[in-house]
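Bear in mind that the values in this text are calculations on the coordinates, not laboratory data. On a predicted model such as this, the values are computed, not experimentally measured, just so you know. Here the Cβ positions follow ideal geometry from the backbone for every residue, glycine too, while neighbour counts run over all protein chains shown.
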Protein chains: 2
Amino acid sequence: MKKKTTIYDIAAKLGLTAATVSRALNNNAKISLNTRKLVLETALEMNYEQNKLALALKSGKSYNVGVIVPRIDSNFFSSVIRGIEEELYPKGYHVIICQTNNQENLEIEKINSLLNVQVDGILMSISNANLEEDKGFNKLIRNKNTPLVFFDRKKDIKGVSSVTVDDFKGGYDATKHLIDQGCRRIAHLFNDRKFEIFNNRFLGYRQALLDNGIEFDESLEIETMSNVAEGRKSAKVLLDMDSPPDAIFSSSDFAALGALQEIKECGLRIPEDICIVGFSNEPFTKFMELTTISSVDQFPMEMGKVAAQVFLEEVGNTQDSKITKNIVLTPELIVRKSSLKCKEG
Amino acid sequence: MKKKTTIYDIAAKLGLTAATVSRALNNNAKISLNTRKLVLETALEMNYEQNKLALALKSGKSYNVGVIVPRIDSNFFSSVIRGIEEELYPKGYHVIICQTNNQENLEIEKINSLLNVQVDGILMSISNANLEEDKGFNKLIRNKNTPLVFFDRKKDIKGVSSVTVDDFKGGYDATKHLIDQGCRRIAHLFNDRKFEIFNNRFLGYRQALLDNGIEFDESLEIETMSNVAEGRKSAKVLLDMDSPPDAIFSSSDFAALGALQEIKECGLRIPEDICIVGFSNEPFTKFMELTTISSVDQFPMEMGKVAAQVFLEEVGNTQDSKITKNIVLTPELIVRKSSLKCKEG
DNA sequence: GCTTAAATTGCAATCGATTACAACCTAATT
DNA sequence: AATTAGGTTGTAATCGATTGCAATTTAAGC
């Protein structure tokens, strides 16, 4: 059984035409009941399976979508992809994965690569916010046949839909929660503000302070990359201050963890002395041995599902009047031990 | 710019034939330097991009591989997939993701689905070890055109290659390490032994005890599912014993964490009173605030790369004499605070 | 200047499926 | 009995690229 059987094989065996077989198989056209039954039986017998490649070429639809992420082995992105796959598979689509490692050139290259294999759409989280509108994107946009949907990290390009999370609200809620816990000197570990997501968390933090009559203190705002070591370093700086903060809101769970470790090592208590809230709801935040970490959940799987739905709408929409959707999901603050002073919260 | 340009468009513009254009584009046949240059320039001008779908249909190679996992949003599987993608993309392949949620029927369905879209190979981690050799697998094997490679969780089918980790050694090393730390009553939280991987960890544990003159005690061997709550439950059982263990080797990091939490809450110290070693080296094991958890690293990304290499060999091998490879990777015990009594380890 | 070989390019089939249109047969209507 | 409608099936083009073979042009050899 080397070669796969085609409709021609079936046709030959039955003394029919491929056209007839095709129609019988598709139940569609008016084929006599007899031949239809005959074809169906023979197809089963000969182990026939439709070659979707041929179909794709003929129909112009590959039923493949490409997903581009910086890396797949991060809880956030793999959860988004899970959502995408679960939403799209039942509709007949397959999901092709591409990683960029945050390299701009790879980003463009993989977009083109996906277009070459005739994907019906591309869902992506851009790695670099600074990216000017260049070749790859322009080509995507110009040729309206291939819908593009951004998720989480988007670029403002007209005609391109996006699904993001309300980072401003996330930052705001986290900060407000800390204020409600009685904290007044609230530090913020923020990440590169050139990224919309980080900037919005920052702005939410500032606004919450403002709304509650707390003046922001720039010395409490420390740029910190998203890893444990950097979190520790920033915490050290904060603890060395004359009047250290009584809370830290970190735009990254990893930095939050680093801060937590540093603070505990200095003999301070969490949340009694210093409250901590992170961002992203990484799995480990709830897997702490003692002090689970409060964090902001972004519902990545849900984000994937919604992005998939937006894509489905766009491919389904035959009109030229494509409506651009910019969907913003609402994040949710998950309060855990690291920030819960009063149990009656 | 609605429609994509094809070689026919180029040919028409140049008063040539598609055949000539194709050859010029492929540098291959003997096309005069003039026309070649002309074609190349025009192609660039018209923004031509090869339609890989047409190529795939013609050549019989889609340059797509399917990867089937129970779920993608687990650190282990997403790391494997990362490895696969990084290894395969440079060779011109794209990776299609499928999830089974551990449902057997979905497993078969997705195999067939992938075969229908003409993937050049399938890499998979089976969800259920009990699976009898049924339709989907048989079809794959019978039609030797599509290589199949198992990773991590395999099935013994002749003619099918696999890449796994030496779970026996992982279990052995973890246990031996605990013995070296002076532990003598070593408990084991194991998972469903119908799975080869869990059974091998179990056997490694037993063998290490045997080799070091420690008799195994069945009451210290508790079947425990891979989650925090179950880990706590089992730890409770162990702590309630007349002579509780002085160490726990868990076949799951999640169960290990549960045990750690339970033990700490009971006021016992780790590692002084009880040592703990987990399995899988989940990210959170090193992100503990105080007591980082020792664990066995399975090098999932490496596993993905190796599985991809095996696939590449199999597609590259035109001979009918396919050699089945069963590669076993060596895991590595990562010793952390939860099991390190003597600092001079 | 004519034959022959070499260099280019075109023709047409192929991959596997779909589908508009044509053709055929059968049975019903007048 | 002839016309017609309806039901079935075949013919051939199409999707976009590749490739063996044929055809043509060009250049070389004598």
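A few comments on the model shown:
- Residue pairs, from the table A:139/A:322; A:286/B:176; B:176/B:341; A:4/B:110; A:236/A:264, whose Cα atoms sit over 21 Å apart: A:286/B:176
- Nearest-ten-degree value, helix A:300-316 long axis tilted from longest Cα axis of chain A: 40 degrees
- Residues with amide H under 5 Å from that of residue B:184, placed H, sequence gap 5 or more: B:246
- Each 10 Å bin from 0 upward holds the following percent of the Cα-Cα pairs of segment B:156-255: 16, 46, 28, 7, 2, 0.
- Between segment B:158-222 and segment A:1-69, the alpha-carbon center distance in angstrom: 51 Å
- With Cα atoms, 0 to 90° folded angle of helix A:167-180 axis to chain A main axis: 30 degrees
- Considering every alpha-carbon pair of chain A, the percent of pairs per 10 Å bin, from zero through the bin containing the longest distance, is 5, 22, 23, 18, 14, 8, 6, 4, 1, 0.
- Computed over segment B:199-312, the convex hull of the alpha-carbon atoms projects to a mean area of 8.5 nm².
- Ordered by the number of other Cβ atoms lying within 10 Å of each residue's own Cβ, fewest first, A:30, B:194, B:155, B:144 fall into the sequence A:30, B:194, B:144, B:155.
- Taking a straight Cα-Cα cut-off under 16 Å and skipping sequence neighbours fewer than 8 places away in the same chain, the aspartates and glutamates within cross-link reach of residue B:91 are A:109, B:120, B:313, B:314.
- Whether the protein assembly as shown is rounded, prolate or oblate, judged on the alpha carbon gyration tensor where a/c under 1.5 counts as rounded: oblate
- Within straight-line cross-link reach of residue B:13, aspartates and glutamates at Cα separation under 17 Å, skipping those fewer than 8 residues along the same chain: B:41, B:45, B:49
- Extension gain for the segment residue B:219 to residue B:237, taken as residue separation times 0.36 nm less the Cα-Cα distance, is 5.5 nm to one decimal.
- Chain A - percent relative contact order, Cα under 8 Å, separation 6 or more: 16 percent
- Placing a label point 7 Å from Cα along the Cα-to-Cβ axis, residue B:166 is separated from the same position in the other copies by 5.5 nm, shortest listed first.
- Relative contact order of segment A:154-292, defined on C-alpha pairs under 8 angstrom at six or more residues apart (%): 23 percent
- A cut-off of 5 Å between modelled amide H atoms, ignoring neighbours fewer than 5 places along the same chain, links residue B:60 with no other residue.
- Given charges at beta-carbon only (K, R positive; D, E negative), |dipole| of segment B:256-327 in Debye: 140 debye
- DSSP finds beta bridges in segment A:1-144, and of those with both partners inside it, around 0 percent are antiparallel.
- Sorted fewest first by neighbouring Cβ atoms within 10 angstrom, B:338, A:243, A:234 come out as A:243, A:234, B:338.
- Going by neighbour counts of Cβ atoms within 10 Å, the residues B:188, B:177 line up, fewest first, as B:177, B:188.
- The value of relative contact order for segment A:1-143, using C-alpha pairs under 8 Å at least six residues apart, is 21 percent.
- Copies compared at residue B:145 - label distances in nm, ascending, label defined 7 Å from Cα in the Cβ direction: 2.6
- Between the residues A:127, A:268, B:209, the greatest Cα displacement towards the positive end of the dipole of the protein assembly as shown, with unit charges on the Cβ of Lys, Arg, Asp and Glu, is found for A:127.
- Helix A:75-88 axis, angle to chain A major axis (alpha carbon atoms, nearest 10°): 30 degrees
- Of all DSSP bridge pairs formed entirely within the protein assembly as shown, close to 15 percent run antiparallel.
- Placed amide H near residue B:333: partners under 5 Å, 5+ positions off or other chain: B:297
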